[in-house]
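Asks: Could you have a look at this structure, given as structure tokens, before my questions?
Laboratory data are not the source of any read-out in this text; all were calculated from the coordinates shown. Because the structure is a prediction, the values reported are computed rather than measured. Cβ: placed from backbone, ideal geometry, glycine included. Neighbour counts: every protein chain shown.
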Amino acid sequence: MSDLICISPIDGKELVRRPAATAAEIEAALTAARIAQKEWRKLSIDERCGYVLKFLDAMLAMNQDVVPELAQQMGRPVRYGGEFGGFEERVRYMVRIANAGLAPYVPDDDRPGFERMIKREPLGVVFVVAPWNYPFMTAVNTVAPALIAGNAVILKHAAQTILVGERFQKAMDIAGLPRGIFKNLVLTHEQTTDLLAKGRVDHTNFTGSVAAGRAIEKAAAGTFMTLGLELGGKDPAYVRADANLDHAVANLVDGAFYNSGQCCCGIERIYVHENLYDRFVDGFVDLTSQYVLGDPLDEKTTLGPMANVRFADWVRKQTAEAIAKGARTHIDTAKYNADVGDTAYLAPQVLTNVDHSMSVMMDESFGPVVGIVKVGSDEEAIRLMNDSPYGLTAALWTQDLKAAERIGGEIETGTIFMNRCDYLDPGLTWTGVKDTGRGTGLSRLGYESLTQPKSYHLRTI
């Protein structure tokens, strides 16, 4: 049996170590989940929502401890607080729409003597494989609606944020959920794929890399379980000639560099109309240069380390390749004393004179670097935005609502933003196209992905 270890990006030292679950512990959790779910599904939606709201209260009460704990695990500066603003918004929204989202559908063509409806039934046991970058919010996107819909949940959290899984378990225990309905398991990659291959769960939701998503899909092959996969991204932004320049600069700097660029829908490439290009670049570089790189436990720090040295090294490699091909750097990284090789600390960087022959414009960076390209028309911007194997979100800066809707209709992506970015609205479905993955989360459609339809065709004699 091996251990899962979290190495803190702050100092490169071991922060926490947990033993992987034994085969007996995994079997016990799966068996208990299957038994408990049969009774859990019999509770009313309101009763299940009540438990989830108690879980939410218990989690919110931990915020003061969670903020520095997150900084230690994955490097987000404490000045930004935890994730519980978005966490609470998502949970409360899914509770609010639960009865409507799970209500039976009745066909509108009345047929005398017949009762006809489609009911939504829970899938059974839902397995959530959560990432480290937004470890609370990404997990709860599935955990909360899965429980509300009548499923049991097994959570496997990333080693980098292993303590988050324990926080979930503690809050569920405080809320008094029936034994077996929720279980946090410490699992290795091998144990995870083995669990999937045995077909012991009914749905798996995974957030992570494309390569890992393929491994998940391969492991689940032949089990007929349903999958939700949110994988890579290279989210673009387009600043049109009619954009509010100051607003675009401020939003896009934050969208590119918040959380050290480690955001699923963070902005990684920007296309700017030639009429605004020079002023946009000047403003973007000026604001970016104001970031303070340092210890995330220091309130003055606005840019913490990346979660792991290897992540920072990947961005360094992409940046070096772009420079070798002619890209121009705009941030003097020498002033960032912490930005040195062999550490997770990485200064923000803005690149121009970039093109799609460069990895930094085509491959997911997931770090504090962004390329900016001048374009002459909407058509050119659309072509470049679509020149990607990914499609999670795309952001447009314009004063023209109809133009945003028209351009959005031509962009291959799961979500279109106008005059904002890097946000997940629980009222809208969260989904992607191409190599970004499959499935959907949150909104009313999120309940559909965590239930199965059953048709009732009842004739009265």
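Asks: Would you be so kind as to identify which of Asn151, Val239, Phe417 lies farthest towards the positive end of the dipole of the chain, taking Lys and Arg as +1 and Asp and Glu as -1 on Cβ and the Cα centre as origin?
Replies: The Cα lying farthest towards the positive end belongs to Asn151.
Asks: Holding the Cα-Cα limit at 21 Å, pick out from Lys54/Lys183; Lys198/Lys218; Lys402/Lys434; Lys38/Lys183 the pairs that are longer than that. Write out the running numbers ahead of the final one.
Replies: On the way: Lys54/Lys183 17 Å; Lys198/Lys218 12 Å; Lys402/Lys434 26 Å; Lys38/Lys183 16 Å.
Long pairs (Cα-Cα over 21 Å): Lys402/Lys434.
Asks: I would also like to ask the following. Using R₀ = 35 Å, calculate the FRET efficiency as 1/(1 + (r/R₀)^6) where r is the Cβ-Cβ separation of Arg116 and Ser44; round to 0.05.
Replies: Details: r = 23 Å, r/R0 = 0.66.
According to the calculation, E is roughly 0.90.
Asks: Rank these for me by crowding, Ser449, Ser44, going from fewest to most other beta carbons within 10 Å. All intermediate terms of the calculation are to be shown ahead of the outcome.
Replies: Details: Ser449 25, Ser44 9.
Going from least to most buried by this count: Ser44, Ser449.
Asks: Just to confirm my numbers, what's the Cα centroid distance between segment 405-425 and segment 215-234 in Å?
Replies: After rounding, the separation between the Cα centres reads 25 Å.
Asks: In nanometres, what is the gap between the two model label sites at Glu379 and Arg17, each 7 Å from Cα along Cα-to-Cβ?
Replies: 6.2
Asks: Turning to a different aspect of this structure: Mind checking the full-extension length gain between Ala100 and Asp3? Use 0.36 nm per residue of separation minus the Cα-Cα distance, one decimal, nm. Numbers along the way, then the final one.
Replies: On the way: separation 97, 0.36 × 97 = 34.92 nm, distance 4.35 nm.
Gain on extension, Ala100 to Asp3, equals 30.6 nm.
Asks: Residues with beta-carbon under 12 Å from that of Glu69, excluding Glu69: net charge, scoring Lys, Arg +1 and Asp, Glu -1? Could the numbers behind the result be given before it?
Replies: Numbers: positive: Arg76, Arg167; negative: Asp65, Glu83, Glu166.
With Lys, Arg at +1 and Asp, Glu at -1, the net is -1.
Asks: Something else now. Efficiency by 1/(1 + (r/R0)^6): what FRET value for Glu321 and Asp342, r their Cβ-Cβ distance, R0 = 30 Å, to the nearest 0.05?
Replies: Working: r = 19 Å, r/R0 = 0.64.
According to the calculation, E is roughly 0.95.
Asks: Using Cα centres only, tell me the gap between segment 157-214 and segment 28-72 in whole Å.
Replies: One Cα centre to the other: 13 Å.
Asks: Related question: Please give the net charge around Ala146, taking every other residue with its beta carbon less than 11 angstrom from that of Ala146, where Lys and Arg add +1 and Asp and Glu add -1. Present the calculation step by step, with values, prior to reporting the outcome.
Replies: Working: positive: Arg48; negative: Asp202.
It works out to a net charge of 0.
Asks: Based only on other Cβ atoms within 10 Å, what is the fewest-to-most ordering of His330, His247, His457?
Replies: His457, His247, His330
Asks: When a footprinting reagent is the concern and you count Cβ atoms within 10 Å, what order do Tyr258, Tyr423, Tyr238 take, fewest first? The partial results should precede the final answer.
Replies: Values: Tyr258 20, Tyr423 14, Tyr238 27.
So the residues, fewest neighbours to most, are Tyr423, Tyr258, Tyr238.
Asks: Specify which labelled value, from (1) 76, 56, 39; (2) 125, 100, 43; (3) 78, 61, 41, agrees with Cα extents along the principal axes in Å derived from the coordinates of the model shown.
Replies: (1)
Asks: Note down the nm distance, to one decimal, between modelled labels 7 Å out along Cα→Cβ at Ser209 and at His457.
Replies: That separation, rounded to one decimal, is 4.9 nm.
Asks: Using only Cα atoms, tell me the angle between helix 45-60 and the longest principal axis of the chain; keep it within 0 to 90° and round to the nearest 10.
Replies: 40
Asks: Still on this model: With axes computed from alpha carbons, what is the tilt in degrees of helix 84-96 against the longest principal axis of the chain, rounded to the nearest 10 within 0 to 90?
Replies: 40
Asks: Same structure again: Taking R0 as 41 Å, what's the FRET efficiency between Lys300 and Thr31 from their Cβ-Cβ distance, rounded to 0.05?
Replies: 0.20
Asks: Work out the length of the dipole vector of segment 236-420 about its Cα centre, built from +1 on the beta-carbon of each Lys and Arg and -1 on the beta-carbon of each Asp and Glu, and round it to the nearest 20 debye.
Replies: Details: 15 positive and 27 negative charges, 26 e Å.
Dipole about the Cα centre, nearest 20: 120 debye.
Asks: Could you give the nm distance between label points at Thr329 and Asp109, where each point is 7 Å from its Cα heading toward the beta carbon?
Replies: Output for this residue pair reads 6.7 nm.
Asks: For Arg406, what is the net charge nearby, where nearby means another residue's Cβ is under 13 Å from its Cβ and Lys, Arg count +1, Asp, Glu -1? Spell out each step's value before the answer.
Replies: On the way: positive: Arg240, Lys402; negative: Asp378, Glu379, Asp400, Glu405, Glu410.
Once positives and negatives cancel, what remains is -3.
Asks: Moving on. Per residue of the chain, what 222 nm ellipticity follows from adding -39500 (n - 2.57) for every DSSP H run with n ≥ 4, rounded to the nearest 500? Walk me through the numbers on the way to the answer.
Replies: Numbers: 16 runs with 180 residues, N = 461.
That calculation yields -12000 deg cm²/dmol at 222 nm.
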